[in-house]
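See structure below.
The values are calculated or read from the model by the stated rules, or taken from the named source; none is laboratory data. None of the values given here were measured: they were computed from a predicted structure. In this analysis, Cβ positions are derived from the backbone assuming ideal geometry, glycine residues included, and neighbour counts consider all displayed protein chains.
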Amino acid sequence: MASSAARNLFKVYVGNLPWTVGHNELKNYFSKFGYVNSAVVSFDKKTGLSRNHGFVIFSTKEGYEKTINTSDHKLEGNILRVQPTNNN
């Protein structure tokens, strides 16, 4: 089984998410670039509202690279900010 560090190797930060996007919508969008191990949207614990950002972890380097090399990501009308995380 892969270590925690290995699982996070192909992780990207996604900002400017529409407030209507949840975990499934985020995963579905990024699945077109490669297999997504997990997609998590951050929610405020008190209000339950989206914090408009999340993280996507790919299972392969190819999916990760396709994602960060794509210049325009758009979901539900918002242009997303996609950046590699520090551990890449």
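Looking across the range 37-64, the residues that are over 13 Å from the mean Cα position of the chain (by Cα) and free of Cβ contacts under 8 Å to residues at least 40 places away in the same chain come down to PHE43, ASP44, LYS45, LYS46, THR47, GLY48, LEU49, SER50, ARG51, GLU62. Residues of the range 21-36 that are within 13 Å of THR67 (Cβ to Cβ) and surrounded by fewer than 20 Cβ atoms within 10 Å (Cβ to Cβ): LYS27, SER31, LYS32, GLY34, TYR35. Count of the range 48-69 residues, restricted to those that are modelled with pLDDT of 95 or more and exposed (fewer than 12 other Cβ atoms within 10 Å of the Cβ), is 1. Of the residues making up the range 42-80, those that are in contact with a Gly (Cβ under 9 Å, 6 or more places away or on another chain) and assigned to a loop (DSSP other than H, G, I, E, B) are SER59, THR60, LEU80.
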